[in-house]
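Student: Here it is, the structure in full.
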Amino acid sequence: MSVIEIKNLYKIYDGSEVEVRAVNGINLNIEEGEFTAIVGPSGSGKTTFLNLVGGLDKPTDGKVFVDGIDVWSLKSRKLIDFRLHNIGFVFQSYNLIPVLTAKENVEFIMQLQGWSRKDRIKRTGDLLKAVGLADRMDSRPAKLSGGQQQRVAVARALASKPKFVLADEPTANLDSKSTENLLDIMEKLNQEEKITFIFSTHDARVIKKARRVITIEDGRILKDETK
Amino acid sequence: MLFSISWRNVWRNKLRSAVIIIAIALGICAGVFSSAFYKGMADQRIDKAIKTEISHIQVHRPKFRQANDISQFIPEADELAARIGEIPEVSGVSSRIIIFSMASSAETASGVKISGVMPGEESKVTNLHTKLIEGNYFEEERRNPIIVGWKLAEKLNVKMGSKIVLTLQDIDNNIVAGAFRIIGIFNTANGIYDESNVFVKHEDLRRLMELPDHSAHELAILVEDNELIRETQEKIQTLTGNLEVLSWTELSPEMNYLNEAMDLFMYIFIIIILFALLFGIINTMLMVVLERIKEIGMLMAIGMNRLRVFMMIVLESIFLSLTGGVIGVLMGGGISIYFETNRIDLSMWGEVYQDLGYDPYVYTSLEFSLLVNVTILVIITGIIASLYPAYKALKNDPADALRIE
Ligand SMILES: Nc1ncnc2c1ncn2[C@@H]1O[C@H](COP(=O)(O)OP(=O)(O)OP(=O)(O)O)[C@@H](O)[C@H]1O
Ligand SMILES: [Mg+2]
């Protein structure tokens with residue numbers, strides 16, 4: 001069974017003048033362990049698509065199954081818990097709680113899940129080491145570079161042991177060196193820990209790293225290539 | 001971690017938080033101090049009434065108080081007083097003969113309350129003997145000595161050594177008169193009292209009124225401790241049978257009312273202050289929610305549920321309010337404690353207050369329970385102030401919030 005099954009997905013915004021078909025009939029399966037890029041020009045519907053898959057935005061039509069569960073059949077309270085336990089999120093910016101240190105940001109999500117303190121501390125240390133920030137654990141986000149912040153966000157996304165990680169343009173605000181660094185870390189986690197990553201981008205260097213590249217335009221899949 | 005997030009969030013915008021915290025602190029400080037001030041004033045007023053006049057407990061024949069009917073005397077008052085005096089909690093018993101009548105000088109006359117007292121016993125119960133500004137408290141063995149208030153002396157135009165005539169009814173309804181010589185003048189700082197009270201010796205008044213030996217109209221009793229009044233009252237009641245035994249709250253309900261009204265007034269005052277502050281806190285919290293829309297959206301997206309988001313905002317509002325509240329309580333409490341032993345001089349406005357029986361100097365009276373209750377009220381204010389902003393935060397749609405640039 002695929003981790004994610006997407007069936008006939010639509011998102012139509014009823015604007016005052018024109019309706020916008022941001023996602024216009026997508027069918028797609030994502031398997032465990034994939035390292036997949038969603039690419040396409042600005043306004044093609046990448047963010048909308050990821051929001052529908054991540055349980056953040058309600059589709060106009062169609063279904064999203066995660067491990068066989070129909071995500072959009074869940075009541076809104078259940079849906080928040082579903083996101084907490086099943087999906088890791090990395091956004092373009094504003095990923096972290098500014099008043100918490102790197103360590104606390106990672107720990108926070110495990111606390112929401114009800115982990116014991118001991119387990120939290122251990123996993124936090126492991127994850128921040130894995131993203132190369134063992135020495136910046138006690139820094140607040142404002143004291144970290146953009147790339148470092150995104151790495152903390154990746155560690156935070158993984159902390160909850162999600163079924164997959166959704167990353168909407170995680171490198172959009174990063175310079176090329178930080179971009180490469182972040183992608184290397186994600187790739188390593190994917191290969192060594194079998195973490196499933198789905199990320200959107202329009203950065204050619206990022207696309208190069210992906211093993212599967214899904215190109216969308218005007219809310220439809222244009223190409224779906226696996227290397 | 002929710003607690004530490006909310007607490008640290010308070011200090012994200014230091015200037016804005018500081019402004020509202022200072023406003024709360026000043027409001028609470030003013031509220032606490034005013035409460036302690038008025039409470040002190042009321043306490044002093046009550047204390048004075050008890051100490052100079054009412055005492056803690058009084059015993060009468062049941063019908064005496066209705067019309068001050070002089071025929072309603074307690075026949076064996078001396079013996080009863082002695083037995084009440086044996087109750088351990090009782091620190092003094094004074095038997096009094098009381099009649100409302102006329103005091104006249106060569107020039108004019110004035111209605112007065114004449115109290116016949118036994119000086120030794122009376123001074124264990126009331127402190128009038130300490131309020132003399134001239135003369136002494138029945139120390140000389142003279143015939144018919146009398147002690148009057150300074151205001152009456154002024155009105156009758158008499159001074160130390162002057163003679164005044166008391167005209168009154170005896171027990172057989174005959175009009176009798178007695179000449180008394182002023183041996184002392186008192187000032188209790190209660191103008192009305194000082195104009196309408198005179199004191200003579202118990203036996204002089206009894207003889208004039210032809211009351212039987214050992215009789216009295218009133219037994220005034222002082223108890224060692226305020227807290228013991230009720231139980232002592234019950235003990236006295238068992239000794240006195242069908243006589244009326246009343247505590248000061250029953251004898252002078254207006255004093256008791258003053259006490260309770262002051263408490264109520266204090267809280268109304270503080271609630272008004274908090275109500276005004278409420279809008280400042282709401283405003284601050286709304287700004288907080290508005291500028292953190294993206295952050296709150298992110299938190300909801302990654303799985304922070306509504307209850308936790310709600311709690312995060314409510315806690316921040318509580319911490320903000322409580323910081324101001326605690327500073328205010330400490331400041332107000334500190335100032336109030338200082339003025340518990342250092343008097344506040346109101347003598348510039350003293351005349352009016354004194355006629356009403358208030359001291360020209362006020363010592364504050366701070367109750368610890370006030371500080372606790374004010375702190376609780378501040379917390380409640382913080383919670384109320386956060387409700388609308390927290391509701392706003394929850395109405396946030398994470399997908400929309402995250403799209404905001
Ligand atoms: N809330 C909304 N209301 C109306 N139209 C919307 C809304 N959100 C997105 N759209 C429209 O849907 C389309 C897809 O937008 P989306 O943000 O998904 O594109 P994208 O591929 O992520 O673009 P970018 O690369 O710029 O991030 C766009 O035409 C956009 O204007
Ligand atoms: Mg986008």
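The values are calculated or read from the model by the stated rules, or taken from the named source; none is laboratory data. What you are looking at is a predicted structure, and each value in this text was computed from that prediction instead of being measured. Cβ coordinates were reconstructed from backbone atoms using ideal geometry, including for glycine residues, and neighbour counts include every protein chain displayed. Note: areas computed on protein heavy atoms with side chains; ligands, DNA, RNA excluded. Shrake-Rupley method; radii C 1.70, N 1.55, O 1.52, S 1.80 Å.
Student: B:Lys151: accessible area at probe 1.4 Å, nearest 10 Å²?
Tutor: 50 Å²
Student: Okay, next question. List the residues of segment B:1-17 whose accessible area drops by at least 20 Å² when all protein chains are present, compared with their chain alone, using a 1.4 Å probe and counting only protein heavy atoms.
Tutor: At a threshold of 20 Å² (probe 1.4 Å), the residues of segment B:1-17 that become less exposed are B:Met1, B:Ile5, B:Arg8, B:Arg12.
Student: Quote to one decimal, in nm, the extra length available between B:Leu290 and B:Arg142 on full extension: 0.36 nm per residue of separation minus the C-alpha distance between them.
Tutor: 44.6 nm
Student: Which entries of A:Lys103/A:Lys143; A:Lys129/A:Lys161; A:Lys11/B:Lys395; B:Lys131/B:Lys159; A:Lys75/B:Lys392; A:Lys11/A:Lys63 have Cα-Cα distances beyond 18 Å here? Write out the running numbers ahead of the final one.
Tutor: Values: A:Lys103/A:Lys143 13 Å; A:Lys129/A:Lys161 16 Å; A:Lys11/B:Lys395 21 Å; B:Lys131/B:Lys159 16 Å; A:Lys75/B:Lys392 21 Å; A:Lys11/A:Lys63 11 Å.
Checking Cα-Cα distances, A:Lys11/B:Lys395; A:Lys75/B:Lys392 exceed 18 Å.
Student: Compute the distribution of all C-alpha to C-alpha distances in the protein assembly as shown, in bins of 20 Å from 0, and list the percent of pairs in each, rounded to whole numbers.
Tutor: Reading the bins upward from 0: 16, 30, 17, 15, 15, 7, 0.
Student: Restricting the count to DSSP beta bridges whose residues both fall in segment A:2-226, what percent are antiparallel, rounded to a multiple of 5?
Tutor: Of those bridges, close to 55 percent are antiparallel.
Student: Something else now. Nearest 100 Å² is fine: what is the total accessible surface buried where chains A and B meet, probe 1.4 Å?
Tutor: Values: alone 11510 and 19740 Å², together 28880 Å².
Summing both sides, the interface buries roughly 2400 Å².
Student: Using 0.36 nm times the number of residues separating B:Asn373 and B:Val19, minus their current alpha carbon distance, what extension gain do you get?
Tutor: Contour length minus Cα-Cα distance gives 125.1 nm.
Student: Enter the mean number of other protein chain beta carbons within 10 Å of the beta carbon of each residue in A:91-100, as an integer.
Tutor: Whole-number average of other-chain Cβ neighbours for A:91-100 is 6.
Student: Please list B:Tyr137, B:Tyr257 in order of solvent-accessible area, largest first, computed with a 1.4 Å probe with all protein chains present. Don't skip to the answer; put the middle values down first.
Tutor: Numbers: B:Tyr137 25, B:Tyr257 160 Å².
So, going from the largest accessible area down, we get B:Tyr257, B:Tyr137.
Student: Relative to the Cα centre, what is the charge dipole magnitude of the protein assembly as shown, using +1 at the beta carbon of each Lys and Arg, -1 at the beta carbon of each Asp and Glu, and rounding to the nearest 20 debye?
Tutor: Once rounded to the nearest 20, the dipole reads 3760 debye.
Student: What is the helix-to-structure angle for B:253-291, meaning the angle in degrees between its Cα long axis and the longest Cα principal axis of chain B, kept from 0 to 90 and rounded to the nearest 10?
Tutor: 10 degrees
Student: To the nearest 500 deg cm²/dmol, what mean residue ellipticity at 222 nm is calculated for chain A from DSSP H runs of n ≥ 4 alone, each contributing -39,500 (n - 2.57), summed and divided by the residues?
Tutor: -11500 deg cm²/dmol
Student: Now for a separate question. Given just the C-alpha atoms of segment A:1-91, how large is their convex hull per residue in cubic angstrom?
Tutor: It comes to 113 Å³ per residue, whole-number rounded.
Student: If I fit a long axis through the Cα atoms of helix B:293-302 and take the longest principal axis of the Cα atoms of chain B, what angle between them do I get, 0 to 90°, rounded to 10?
Tutor: Approximately 70 degrees, to the nearest 10.
Student: Where in segment B:77-96 is the amide nitrogen less than 16 Å from a point lying 7 Å along the Cα-to-Cβ axis of B:Thr238?
Tutor: B:83-90
Student: Per the 1.4 Å probe, what fraction of the accessible area of the protein assembly as shown, in percent, lies on carbon and sulfur atoms? Present the calculation step by step, with values, prior to reporting the outcome.
Tutor: Working: 15730 of 28880 Å².
That fraction is 54 percent.
Student: What percent of all Cα-Cα pairs in segment B:251-371 falls in each 10 Å bin, counting up from 0?
Tutor: 10, 25, 26, 17, 12, 7, 3, 0
Student: Do you know which residues of segment A:54-74 lose at least 40 square angstrom of accessible area in the protein assembly compared with their chain on its own, with a 1.4 angstrom probe?
Tutor: So the qualifying set is A:Leu56.
Student: Another question about this same structure. Taking only the C-alpha atoms, wrap a convex hull around segment B:111-155 and report its volume per residue in Å³ as a whole number.
Tutor: Numbers: hull volume 4.3 nm³, N = 45.
Expressed per residue, the convex hull around the Cα atoms of segment B:111-155 is 96 Å³.
Student: Spin-label point model (7 Å from Cα, Cβ direction): what's the B:Asn68 to A:Ile207 distance in nm?
Tutor: Using points 7 Å along Cα→Cβ, the separation is 10.8 nm.
Student: Do any chymotrypsin sites (Phe, Trp or Tyr not before Pro) in segment A:43-74 lie in a loop, going by DSSP, with at most 15 other beta-carbon atoms within 10 Å of their beta carbon, and if so which? Walk me through the numbers on the way to the answer.
Tutor: Values: sites: A:Phe49, A:Phe65, A:Trp72; in loops: none.
For chymotrypsin sites (Phe, Trp or Tyr not before Pro) across segment A:43-74 that sit outside H, G, I, E and B with at most 15 neighbouring Cβ atoms in 10 Å, the list is empty.
Student: Once you compute Rg and the Kirkwood Rh from C-alpha atoms, what is the Rg to Rh ratio for segment A:2-226?
Tutor: The Rg/Rh ratio comes out at 0.96.
Student: What does the helix-only formula give at 222 nm for chain B: each DSSP H stretch with n ≥ 4 adding -39500 (n - 2.57), the total divided by the residues, and the result rounded to the nearest 500 deg cm²/dmol?
Tutor: Helix-only estimate at 222 nm: -18000 deg cm²/dmol.
Student: Can you give the accessible area of B:Asp400, probe radius 1.4 Å, in Å² rounded to 10?
Tutor: The accessible area of B:Asp400 comes to roughly 90 Å².
Student: While we're on this one: Ranked from highest to lowest mean number of other Cβ atoms within 10 Å per residue, what is the order of the peptides B:259-269, B:291-301, A:201-211? Spell out each step's value before the answer.
Tutor: Details: B:259-269: 14.6, B:291-301: 20.5, A:201-211: 16.6.
Ranked from most to least packed, the peptides come out as B:291-301, A:201-211, B:259-269.
Student: Related question: Taking only protein heavy atoms and a 1.4 Å probe, what accessible area per residue, in Å², does segment B:99-165 have with all protein chains in place?
Tutor: Spelled out: the 1.4 Å probe surface of segment B:99-165, per residue, equals 50 Å².
Student: A follow-up question, please. I want the antiparallel fraction of DSSP beta bridges within chain B, as a percent rounded to 5.
Tutor: Beta bridges within chain B, antiparallel portion: roughly 80 percent.
Student: Let me ask something else. Want the number for B:Asn342 to B:Leu246: 0.36 nm per residue separation, take away the alpha-carbon distance, what's left? Could you put the intermediate results ahead of the total?
Tutor: Numbers: separation 96, 0.36 × 96 = 34.56 nm, distance 3.47 nm.
Taking 0.36 nm per residue and subtracting the Cα distance, the gain is 31.1 nm.
Student: If amide hydrogens are placed 1.01 Å from N in the peptide plane, which non-local residues have theirs closer than 5 Å to the one on A:Ala167?
Tutor: Placed amide hydrogens put A:Val90, A:Ile198, A:Phe199, A:Ser200 under 5 Å from A:Ala167.
Student: Continuing with the same structure: Evaluate the distance, in nm, between pseudo-label points positioned 7 Å from the Cα of B:Ser162 and of B:Ala261 along their respective Cα→Cβ axes.
Tutor: 3.5 nm
Student: Please list, by residue number, every one of the chymotrypsin sites (Phe, Trp or Tyr not before Pro) in segment B:1-66 that is coil in DSSP and has at most 16 other beta-carbon atoms within 10 Å.
Tutor: Sites meeting the loop and neighbour criteria: B:Trp11.
Student: Round to the nearest 10 and give me the degree value, 0 to 90, for the angle of helix B:368-395's Cα axis relative to the longest principal axis of chain B.
Tutor: Orientation of helix B:368-395: about 30 degrees from the principal axis.
Student: On average, how many beta carbons from a partner chain sit within 10 Å of the beta carbon of a residue in B:299-311?
Tutor: Values: counts 5, 3, 12, 19, 17, 7, 8, 3, 2, 2, 1, 0, 0.
The shielding value for this peptide is 6.
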